[in-house]
Amino acid sequence: MRTIRIAGEEIYPLMLATVFSVGIVGGFAAKFAGLPIPMLLGSVVTVGALSIFGFKPGGHPPKVPFWLRLFFIPIIGLSIGSAFTPAVLEEVRLWWPSLLAIFVYIPLAHYVGYRGFMVTGGLSKVTAYYSAVPGGLLECIQMGEENGADVQMLTALQFLRLILTILLVPLAFTIVNGGAVGSAAGAAISLPGVPFTAEELFWHVVVGVIGFFGGRKLNLPAYLITGPILASGVAHLTGLLEAAPPVWLINVTQLIIGVALGTRFVGMVPRAFFGSLYLAFLNICFTMILAMGAGVLMHEIVGERVEAVVLAFAPGGLAEMSLVAFSMNISVLYVTTHHVVRIILSVAVAKAFAGTIPRGDGAAPP
């Protein structure tokens, strides 16, 4: 059988099997090398290389069905929701200073990124403006396309921002700390001694479905993950759920997300990729300086480790950064809460000042 159709999408089994095989090899290679979140980092790099250099397994470019991501991202939400305990919720009242700091961080990071993309990369104003938005990736791409931005460059810069954050932040933590990073709040996720029984599995599925459709109905930001987080949190606080999804399932989720991110580079020639990578790296350097500054200045005020505050301000995607926090045992509820606020504010600021940016030809510079 050469193709099958699932949920309205054409699936090419040989291509899909090859892509995931490459991702698995990359994941285990990263694990062997002692890298953090290995299944995510390894699969991003190997599948990304496959995509950039134009390999077409079975005659088709690498692609992951969208419904796979729809199925696995709620698992992250269910895992994060297991951190909802009375003890952790007591700490929430201490978070307001860093939440307020995001209202300074977002417009500052956006403006400096915007100016930097124009000066360093020679991008048009509209392309630079939407490429510099530090959150809300899909919304930014849509707004940029509607306003005449260079969509390929915009998409590349936004995805590279996300991927570089995923790659570099955990590596930096591991190097600086000389090993695994952890925190008391993050450790609550593991729920040691609580078995993941068949009954727990049943109720996790029920809660995940309720969270998925409830989040969509309520129009929550990034409802794929925020809906299950809230549903799982309520279920754990009330005692309906006691366990968290097992580690092997989180590793599979890492692999799915990593492979899906790696396929985003299909159609981008190496020269364009490395040019975009350079610009995205410069942007990440500045935003991470701000994030590290926030970590040093605010960790004692909010009662969290420096790593948790840095990760809360790091400009990655909500699902991806939550997975990093979960996998590295870093105050996942704190990190996730700040990223929800970051995404909402990033999109709001982008819309509020969009009128100051002229619409028009967003073609990439020669």
Query raised in the report: All but one of (1) in contact (Cβ under 8 Å) with a residue 12 or more places away in the chain; (2) surrounded by fewer than 24 Cβ atoms within 10 Å (Cβ to Cβ); (3) not hydroxyl-bearing (Ser, Thr, Tyr) hold for Val104; which doesn't?
Result: (1)
Report summary line: Exception for Val22 within (1) farther than 26 Å from Thr174 by Cβ; (2) in a helix (DSSP H, G or I) falls at (1)
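Residues checked against (1) in contact with a His (Cβ under 7 Å, 6 or more places away or on another chain); (2) aliphatic (A, V, I, L, M):
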{"site": "Thr263", "(1), (2)": "no, no"}
{"site": "Val306", "(1), (2)": "yes, yes"}
{"site": "Ser327", "(1), (2)": "no, no"}
{"site": "Ser331", "(1), (2)": "no, no"}
{"site": "Tyr334", "(1), (2)": "no, no"}
{"site": "Val340", "(1), (2)": "no, yes"}
{"site": "Ile344", "(1), (2)": "no, yes"}
{"site": "Val349", "(1), (2)": "yes, yes"}
**Report entry** Options Ala149, Ala128, Ala87: the member that is closer than 30 Å to Phe196 by Cα, small (Gly, Ala, Ser) and more than 19 Å from the chain's Cα centre (by Cα)
**Finding:** Ala87
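The rows are residues; the columns are (1) of a type in the set (D, E, K, R); (2) under 26 Å from Asn147 (Cα atoms); (3) touching a strand residue (DSSP E or B) at 6+ places or on another chain (Cβ under 9 Å); (4) modelled with pLDDT under 85.
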site: Asn329; (1), (2), (3), (4): no, no, no, yes
site: Leu333; (1), (2), (3), (4): no, no, no, no
site: His338; (1), (2), (3), (4): no, no, no, no
site: Val341; (1), (2), (3), (4): no, yes, no, no
site: Ala348; (1), (2), (3), (4): no, yes, no, no
site: Ala352; (1), (2), (3), (4): no, yes, no, no
site: Ile357; (1), (2), (3), (4): no, yes, no, no
site: Asp361; (1), (2), (3), (4): yes, yes, no, yes
site: Pro365; (1), (2), (3), (4): no, yes, no, yes
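Here's the yes/no breakdown for (1) crowded, with 24+ Cβ neighbours inside 10 Å; (2) assigned to a helix (DSSP H, G or I); (3) without any contact (Cβ under 8 Å) to a residue 40 or more places away in the chain:
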| residue | (1), (2), (3) |
| --- | --- |
| Leu277 | no, yes, no |
| Glu300 | no, yes, yes |
| Glu307 | yes, yes, no |
| Leu311 | yes, yes, no |
| Leu333 | yes, yes, no |
| Val340 | no, yes, no |
| Val349 | no, yes, no |
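Filter segment 218-249 for residues that are part of a loop (DSSP other than H, G, I, E, B), among the hydrophobic types (A, V, I, L, M, F, W, C), free of Cβ contacts under 8 Å to residues at least 12 places away in the same chain and surrounded by fewer than 16 Cβ atoms within 10 Å (Cβ to Cβ) and give the result. Step through it out loud before you land on a result.
To start, the set of residues in segment 218-249 that are part of a loop (DSSP other than H, G, I, E, B) comprises 218-222, 239-246.
Still in the list and also among the hydrophobic types (A, V, I, L, M, F, W, C): 218, 220, 222, 240-241, 243-244.
Add one more test, that the residue is free of Cβ contacts under 8 Å to residues at least 12 places away in the same chain, and what stays is 218, 220.
Within segment 218-249, Leu218 is the sole residue that qualifies.
Looking only at segment 144-160, count every residue that is of a type in the set (D, E, K, R) and surrounded by fewer than 17 Cβ atoms within 10 Å (Cβ to Cβ) and tell me the total.
First, pick out the residues of segment 144-160 that are of a type in the set (D, E, K, R): 145-146, 150.
Next, from what is left, pick out any that are surrounded by fewer than 17 Cβ atoms within 10 Å (Cβ to Cβ): 145-146.
Of the residues in segment 144-160, 2 are of a type in the set (D, E, K, R) and surrounded by fewer than 17 Cβ atoms within 10 Å (Cβ to Cβ).
From the set of residues in segment 9-24 that are β-branched (Val, Ile, Thr) and over 22 Å from the mean Cα position of the chain (by Cα), which is nearest to Leu167 (Cα to Cα)? Show your work before the answer.
We begin by selecting, within segment 9-24, every residue β-branched (Val, Ile, Thr); these are 11, 18-19, 22, 24.
Restricting the remaining residues to those that are over 22 Å from the mean Cα position of the chain (by Cα) gives 11, 18.
Details: Ile11: 29, Thr18: 23 Å.
Filtering first and then ranking leaves Thr18.
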Query raised in the report: Residue check: is Glu320 assigned to a helix (DSSP H, G or I), acidic (Asp, Glu) and either closer than 20 Å to Ala156 by Cα or in contact with a Lys or Arg (Cβ under 9 Å, 6 or more places away or on another chain) (or both)?
Result: yes
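Tally the residues that are of a type in the set (D, E, K, R) and either in contact (Cβ under 8 Å) with a residue 40 or more places away in the chain or crowded, with 16+ Cβ neighbours inside 10 Å (or both), restricting the search to segment 3-30.
Adding up the residues that qualify gives 1.
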Query raised in the report: Taking interchain pairs and intrachain pairs at least six residues apart, which have beta carbon atoms under 6 angstrom, with the first residue in segment 111-140 and modelled with pLDDT under 90 and the second surrounded by fewer than 24 Cβ atoms within 10 Å (Cβ to Cβ) and not in a helix (DSSP H, G or I)?
Result: Gly122/Pro365
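Within segment 81-95, how many residues are under 14 Å from Val234 (Cα atoms) and either aliphatic (A, V, I, L, M) or surrounded by 12 or more Cβ atoms within 10 Å (Cβ to Cβ) (or both)? Even if it seems obvious, please write down each step before you answer.
Going through segment 81-95, the residues under 14 Å from Val234 (Cα atoms) turn out to be 81-86, 88-89.
Filter again for either aliphatic (A, V, I, L, M) or surrounded by 12 or more Cβ atoms within 10 Å (Cβ to Cβ) (or both), leaving 81-85, 88-89.
Final tally of qualifying residues: 7.
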Query raised in the report: Under 6 Å by Cβ, and 6 or more places apart or on different chains, what pairs join a residue from segment 193-217 that is under 18 Å from Gly239 (Cβ atoms) with one that is part of a helix (DSSP H, G or I) and not aliphatic (A, V, I, L, M)?
Result: Val207/Ser232; Gly208/Pro74; Gly208/Pro228; Gly211/Gly227; Gly211/Pro228
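The values are calculated or read from the model by the stated rules, or taken from the named source; none is laboratory data. Because the structure is a prediction, the values reported are computed rather than measured. Reconstructed Cβ throughout: ideal geometry from the backbone, glycine too, with neighbour counts over all protein chains shown.
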